[in-house]
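Notes follow the structure.
The values are calculated or read from the model by the stated rules, or taken from the named source; none is laboratory data. This is a predicted model, so every value here is computed, not measured. Cβ: placed from backbone, ideal geometry, glycine included. Neighbour counts: every protein chain shown.
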Amino acid sequence: MSPAKGRTRLELPIDHFRLLGVGPTTDAQSVLRTLQQRLDRAPDQGFTEETLQSREELLRASADLLSDANRRLAYETDLTAISSGSGATIAALDVPSSNEVGGLLLLLEAGQPLECFELASRALQPPQAPALGSSREADLTLLAGLSCLAAAADQHQRRRYESSAQTLRQGLQLLQRMGQLPALRHQINQELEGLTPFRVLDLLSRNLTAVSERAEGLALLEQLVQRRGGLEGNNDPSLSGEEFQAFFKQIRAFLTVQEQVDLFSRWADDSRDAGAPRAGSKAADFLATTALTASGFGQRKPERIAAAKARLQASGTEGTQPLLACLHLLLGEVDQAHQAFAEGASGELKQWAAKQSADPLAQLCAYCSDWLSRDVLPGYRDLEAYFADLEAYFADRDVQAYVEGQEPPSGPASASPQPSVFGAASDFLSGFTNPFASDPAQGPSGSPSADLPASAQKAPDPGEQLDEGDLDDPQEPWLDAWLPQWHWPENLRWQTEWQLRWPTLPAIQLPSKRQLGFGGAGVVVVALVATALVRSRSHGPKPQPPQPPVALQPVPATKPVPKTAPAAPLSAPEPSDAQIQALLEAWLNAKAALLAGKTSTIPLAAMARPSQIERLEATVAADQNRGETEAITTKIQSFAVDERSPARIAATVDLDYSETRLDRSGSAIGPATTLQLRNRYVFARDNGNWRLVSFRRAAG
């Protein structure tokens, strides 16, 4: 042992027990057996005989001390004094310069690769640098390369992706300077390239105020796509097509709508300018169109919707006429919207639309709302739109000014009917009891919509976002978010199927009544606004004044939950806040049990939807493959329901979270993670029972 400062010789930050690989309670005979095993299993990576002999001398010295009762007792006394001290001294071993390389090799074997890499790198720098071409130089260089890889792998396992990349870059630069070990340099470079997706996710998951980190993440993302040869390329051996598609689905959740507009537009235009296959530009075109539409609708910028329409028309892709009809409608071009829908909608879609209303304009509003809510608005970091409020959109001054400022369309007037919209939409309104009561996969009553064909009955769950366990540290959250499923026209799907439940729905996903989140009254108002715009531009008669919107149903008083009531299944039509909290606690306890290698006392299907269960099971399987478990504890500090309807309940929850990863022997892997989280949980009523749908990080 020696002081932490003022060192004059090489000091290895390790004690005799760890250097030899035995525990404090190991007896003398076991110490000698361990020594023989270590000597029999010398490293075979190509170290010189001189280094291996030095390693053997140090191992024998440690074994001699630990097998001598008196010397061992004195040593353990010194270790105890150091561990109970103020931290001014550390346990270390003085190593003579003749045994320096052997000591560093033992440090690497003891599982301290980062310390080994730092010391080896320092030993290769002047004035300590060994003679060129000497065996010491060769062994130190080899040690630096091996410890660099091991340290980076350890940091990767701990989700310190930027630190891992920095270590790899330092090791690569050192080996390039030494001009040795080309095979090891190639391996380090491959590891660095394979780390790129993780670095992108790490950097882009930072707060929006971390401008430089996010800019670096965007640059890495572009490099990754270019290296692949575009979105549909497969030129990157470090990332398969399936892995890239899964990664790409995740990455959108971290990008703002403007970042997506810029990226996808540039990729599409660069691909076209470079003469790349049109398949690649079609994918980027469609992504850019979606992002432009989301930006235009969410930020009330109709000029962006016009740009989206122009891009979609220029793509020449078949099967997009219904989507083009939606864009025409959002720009107040009702005649063109009717024509595009009539020409491009499938018979199945037209049959569905006819059931919603007898008025063609109300049908267009229904389909447009569905498309926006399901496929356009989700998946952006800075847009929090749970439904498409067409009424608010058309009531915006900027939207009205843009629509009124456009030239009337040329050509004959549309033959679409223009009767009273109130009468035309009366059938459409009849199914709604509460405009905000619809659940993302259910009709107003909580049962699947009977209006949809069987292939479209199962709608995707809302975006499943932050998991309580998917955090690196409070400053750098690791968001393992699943994006909402997209419903592209069949000919816009990528050549290889998306993994992670990529949808297998019809080419055009049919909307359900639940998608009209603003309620039936909103359709009437929007239809009147759109009709008024068209009529004012053609100098026709003024429309009828709008009727008052349908009043919202009051939230009924909840009943207290009995103390003996089970947490799940929860079938109460109007559960109390305490019942919903008990359901959440049961789910959190079940997750903790499964991640700890145990079983849940309550069936998972009684507490959460399949998407949540599948994700949990995937995490458990990944832990099992690594031979690890997770000891997790959660404690709810506050629970506040902030949204309630007959089919949907949302609550903001503050909770204390603690996680410790354990190896096969039950020993902790690294320090415990302790966080205070604020999440928003969404519950839905499925077939009479309430279940968890999704959760995400809540604001504040």
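Restricted to helices (runs of 4 or more DSSP H) entirely inside region 277-364, those with at least 3 residues that are under 28 Å from residue 404 (Cα atoms) are 278-298, 302-315, 321-330, 334-344.
For every residue, the table says whether it meets (1) under 29 Å from residue 177 (Cβ atoms); (2) outside any loop (DSSP other than H, G, I, E, B).
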residue: 94; (1), (2): no, yes
residue: 114; (1), (2): yes, yes
residue: 117; (1), (2): yes, yes
residue: 132; (1), (2): yes, no
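When 68, 78 are checked against the criterion of being out of contact with any strand residue (DSSP E or B) (no Cβ under 6 Å at 6 or more places or on another chain), surrounded by fewer than 16 Cβ atoms within 10 Å (Cβ to Cβ) and farther than 12 Å from residue 15 by Cα, 68 stands alone in meeting it.
Residues in region 610-635 that are at pLDDT below 90, closer than 29 Å to residue 648 by Cα and basic (Lys, Arg): 615 only.
Inclusion of residue 164 among residues that are within 20 Å of residue 117 (Cβ to Cβ) and small (Gly, Ala, Ser) is warranted. Would you mention how many residues in region 33-59 are in a helix (DSSP H, G or I), within 27 Å of residue 140 (Cβ to Cβ) and without any contact (Cβ under 8 Å) to a residue 12 or more places away in the chain? Selection size over region 33-59: 3. If you take the residues of region 188-231 that are hydroxyl-bearing (Ser, Thr, Tyr) and assigned to a helix (DSSP H, G or I), which of them is surrounded by the most Cβ atoms within 10 Å (Cβ to Cβ)? The residue in question is 196.
For region 72-88, state whether one or more residues are among the acidic types (Asp, Glu) and in a helix (DSSP H, G or I).
Narrowing region 72-88 to residues among the acidic types (Asp, Glu): 76, 78.
Then keep just the ones that are in a helix (DSSP H, G or I); that gives 76, 78.
Yes, some residue in region 72-88 is among the acidic types (Asp, Glu) and in a helix (DSSP H, G or I).
The single condition among (1) of a type in the set (A, V, I, L, M); (2) free of Cβ contacts under 8 Å to residues at least 12 places away in the same chain; (3) under 27 Å from residue 154 (Cα atoms) that residue 81 does not meet is (3).
Six or more apart or on different chains, Cβ under 7 Å: which pairs go from a residue in region 10-32 that's touching a residue at least 12 places away in the same chain (Cβ under 8 Å) and more than 23 Å from residue 101 (Cα to Cα) to one that's part of a loop (DSSP other than H, G, I, E, B) and among the aliphatic types (A, V, I, L, M)? Could you list them? Pairs that qualify, where the first residue is touching a residue at least 12 places away in the same chain (Cβ under 8 Å) and more than 23 Å from residue 101 (Cα to Cα) and the partner is part of a loop (DSSP other than H, G, I, E, B) and among the aliphatic types (A, V, I, L, M), are 31/22. Within region 623-646, restricting attention to residues that are farther than 19 Å from residue 594 by Cα and in contact with a Ser or Thr (Cβ under 6 Å, 6 or more places away or on another chain), the residue that is surrounded by the fewest Cβ atoms within 10 Å (Cβ to Cβ) is 642.
Taking first residues from region 129-152 that are closer than 17 Å to residue 114 by Cβ and partners that are part of a helix (DSSP H, G or I) and of a type in the set (Asp, Glu), the Cβ contacts under 9 Å between residues at least 6 apart in sequence or on separate chains come to 140/100; 147/115; 147/118; 149/191; 151/115; 151/118; 152/191.
Look at region 601-646 and say how many of its residues are among the hydroxyl-bearing types (Ser, Thr, Tyr) and in contact with a Phe, Trp or Tyr (Cβ under 9 Å, 6 or more places away or on another chain). Total meeting the criteria: 4.
Assess whether residue 244 counts as being aromatic (Phe, Trp, Tyr), in a helix (DSSP H, G or I) and buried (at least 20 other Cβ atoms within 10 Å of the Cβ).
On the way: aromatic (Phe, Trp, Tyr): yes; in a helix (DSSP H, G or I): yes; buried (at least 20 other Cβ atoms within 10 Å of the Cβ): yes.
It is true that residue 244 is aromatic (Phe, Trp, Tyr), in a helix (DSSP H, G or I) and buried (at least 20 other Cβ atoms within 10 Å of the Cβ).
Taking the criterion of being outside any loop (DSSP other than H, G, I, E, B) and farther than 12 Å from residue 117 by Cβ, the residues of region 173-187 that qualify are 173, 176, 177, 178, 182, 183, 184, 185, 186, 187. Within region 60-71, the set of residues being among the charged types (D, E, K, R) and assigned to a helix (DSSP H, G or I) comprises 60, 64, 71.
Selection of region 611-648 for residues being of a type in the set (A, V, I, L, M, F, W, C) and under 22 Å from the mean Cα position of the chain (by Cα) yields 613, 616, 618, 620, 621, 622, 632.
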